Amino acid sequence: MSRILLKNTKVVNENNTFETDVLLDGDFIARIDTDITDDNAKVIDFKGDYLLPGIIDDQVHFREPGLTHKGTIATESRAALAGGITTFMEQPNTNPQTTTIEKLEEKFAMAAKEVYANYSFLFGGTNDNLEELKKLDKNACSGVKLFLGSSTGNMLVDDEAVLENIFKNTEMVISTHCEDEGTIRANMAKYQKMYGDDIPIALHPIIRSEKACYLSSSKAIALAKKTGARLHVFHLSTGIETDLFTNKIPIEEKKITSEVCIHHLWFSDEDYAEKGTLIKWNPAVKTKTDREKLWEALLDDRIDVIATDHAPHTIEEKDNPYTKAPSGGPLVQHALLAMLQKEKEGKISMEKLVEKMCHNPAKLFDIDKRGFIREGYYADLVQVNRNSQNEVKKSNIFYKCEWSPFEGITFDSKVVRTFINGHLGYENGNFSTEKNAKRLTFNR
């Protein structure tokens with residue numbers, strides 16, 4: 001069993017920041033205390049650098065199987081590790097789609113050979129796989145994903161009776177992409193008539209509008225309340241949606257939760273002029289006012305989780321005219337750095353950042369022994385230097401697609417090391433040749 005002693009760390013955990021040493025033994029955190037000595041441990045002196053729990057990203061698209069020219073489980077999980085993300089939950093809209101138990105287990109088997117970060121997958125609900133969903137063990141994977149608006153790899157669930165039956169027939173967390181399809185199609189038809197395929201990118205948040213988001217989110221919430229289902233609404237993008245959620249009870253008691261993604265906290269519609277389709281996401285990046293209301297809801301705990309919705313496409317694909325340019329972009333390597341930048345700007349505290357990116361995803365999905373720096377928990381940890389400038393450029397991007405919406409930005413922090421299950425997985429631009437990732441287990 002390998003033992004590593006982390007000296008002189010500044011731990012951020014459970015709404016507290018304190019100086020301590022941390023001893024890792026094998027996969028786990030063995031001891032947290034001041035002035036630990038251990039002659040059998042490899043010593044790493046943090047010299048006051050921050051030690052965070054490994055980030056848990058509940059929404060990524062790693063493109064395997066079937067779309068591997070954009071990314072693979074290996075390439076994107078390496079990039080995640082470089083960004084301090086030690087655990088990810090991958091979405092079902094691959095090719096083939098993850099909509100049967102057989103395909104789900106094939107994906108797990110494939111990941112076991114290739115993956116660099118801890119992993120689970122979401123099972124995709126469709127208009128015609130309810131009976132298969134009923135057979136799914138509640139601890140088999142991280143949850144169920146429903147697309148209530150069409151997006152990449154169209155998995156739209158638009159049969160009202162099926163939707164209600166899915167909500168009634170699973171104990172798992174149901175995560176939803178909420179955009180009203182009828183509203184989007186009407187808007188798209190209007191602007192295609194005006195512009196053909198070359199619709200100005202600035203109209204993206206008008207086509208995939210505030211109304212489309214609110215109609216769908218409110219409908220999903222009403223259905224969850226009617227059926228008692230456990231609902232998690234992915235990637236809120238509008239201010240009006242935030243009022244659908246509560247901060248009156250702790251997350252452990254919430255049946256309906258929500259998240260916001262990095263791009264909706266960072267960009268606004270003013271950035272389309274410079275970034276174009278590079279920041280074309282579904283749901284769309286919207287106004288500065290929407291962005292500020294998302295921040296307000298995040299900080300007052302109506303929004304529970306920060307995620308990435310990492311979804312790489314090649315630069316050639318993104319360079320197409322509006323109707324042909326796919327939505328999505330790569331984010332896992334730079335998500336933590338972006339939020340640390342916002343912390344430096346006084347937008348969010350380190351403790352709140354860790355709550356939203358580490359603790360709450362672990363609680364929300366009932367993940368076993370991860371998301372916290374606690375004795376007996378898996379040693380998924382990130383060393384962050386808060387005074388090390390780090391410019392995003394093609395030469396230091398690890399995504400297979402080789403671009404980032406953050407290119408040209410200099411962050412004021414750096415991920416120095418990432419530990420995965422007690423092993424050093426990433427250090428200053430270099431990756432371990434050993435893969436120490438594990439399939440997630442759950443306590444449901």
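The values are calculated or read from the model by the stated rules, or taken from the named source; none is laboratory data. None of the values given here were measured: they were computed from a predicted structure. Reconstructed Cβ throughout: ideal geometry from the backbone, glycine too, with neighbour counts over all protein chains shown. The accessibility values were calculated without ligands, DNA or RNA, using every heavy atom of the protein model including side chains. Shrake-Rupley method; radii C 1.70, N 1.55, O 1.52, S 1.80 Å.
Here are a few things to note about the model shown:
- Under 12 Å, Cβ to Cβ, from Phe167 - net charge with Lys/Arg +1 and Asp/Glu -1: +3
- Our compactness index for the stretch 44-100, the C-alpha radius of gyration over the empirical 2.2 N^0.38 Å, is 1.43.
- According to the calculation over all Cα-Cα pairs in the stretch 331-444, the P(r) per 10 Å bin from zero is 12, 39, 37, 11, 0 %.
- Extension gain from Arg31 to Asn387, taking 0.36 nm per residue of separation minus the Cα-Cα distance: 125.4 nm
- Residues listed by number, the stretch 255-270, amide nitrogen under 14 Å from Glu345 label point at 7 Å toward C-beta: 262-270
- With respect to the chain, whose longest principal axis is taken over its alpha-carbon atoms, helix 181-195 is tilted by about 70°.
- Within the accessible area of the stretch 271-420 (1.4 Å probe), percent carbon and sulfur: 41 percent
- If both residues of a DSSP beta bridge must be in the stretch 1-144, then about 45% of such bridges are antiparallel.
- Heavy-atom surface of the chain, accessible at 1.4 Å and reported per residue (Å²): 37 Å²
- 0 to 90° range, to nearest 10: angle between helix 210-227 axis and the chain longest Cα axis: 70 degrees
- Per-peptide packing, taken as the mean over residues of other Cβ atoms within 10 Å, places 184-196, 397-409, 322-334 in the sequence 322-334, 397-409, 184-196 from highest down.
- Apportionment of accessible area to carbon and sulfur, the stretch 90-241, percent (1.4 Å): 49 percent
- Over the stretch 183-301, the Kirkwood radius and the radius of gyration, each from Cα atoms, give a ratio Rg/Rh of 1.02.
- Exceedance of the 21 Å cut-off in Cα-Cα distance is limited, within the set Lys344/Lys414; Lys363/Lys438; Lys70/Lys138, to Lys70/Lys138.
- Modelled spin labels at Lys369 and Met188, positioned 7 Å past Cα toward Cβ, are 4.6 nm from each other.
- Overall Cα dimensions of the stretch 1-105 - principal axes, largest extent first, Å: 52, 30, 24
- Projected onto its three principal axes, the C-alpha set of the stretch 97-164 covers 38, 26, 16 Å, listed from the longest axis down.
- Computed across the chain, the Kirkwood hydrodynamic radius from all distinct Cα-Cα pairs reaches 21.9 Å.
- Helix axis angle, 73-82 relative to the chain longest principal axis, alpha carbon, degrees: 60 degrees
- Comparing Cα centroids, the stretch 234-261 and the stretch 409-444 end up 29 angstrom apart.
- Cα Rg, Dmax, the stretch 24-167, angstrom units: 19.2, 64
- Highest-first arrangement of 27-37, 230-240, where packing means the average Cβ count within 10 Å: 230-240, 27-37
- Rounded to the nearest 0.05, the FRET efficiency derived from the C-beta distance between Asn320 and Asn443 at R0 = 30 Å is 0.10.
- For a label point 7 Å along the Cα-to-beta-carbon line of Asp159, residues of the stretch 116-140 with backbone N under 14 Å: 125-134
- The calculated 222 nm mean residue ellipticity attributable to helices in the chain amounts to -7500 deg cm²/dmol, summing -39500 (n - 2.57) over DSSP H runs of n ≥ 4 and dividing by all residues.
- Dipole magnitude of the chain, debye to nearest 20 (Cβ charges: Lys/Arg +1, Asp/Glu -1, about Cα centre): 260 debye
- Electrostatic bookkeeping for Thr227 treats Lys and Arg as +1 and Asp and Glu as -1; over the other residues with beta carbon under 9 Å from its beta carbon, the sum is +2.
- Other residues lying with their Cβ under 10 Å from the Cβ of Pro321 contribute a combined charge of -2, Lys and Arg counting +1, Asp and Glu -1.
- Packing-based ranking of 11-22, 299-310 yields 299-310, 11-22, ordered from highest to lowest mean Cβ neighbour count within 10 Å.
- At an R0 of 51 angstrom, the distance between the Cβ atoms of Lys248 and Asp39 translates into a FRET efficiency of 0.50.
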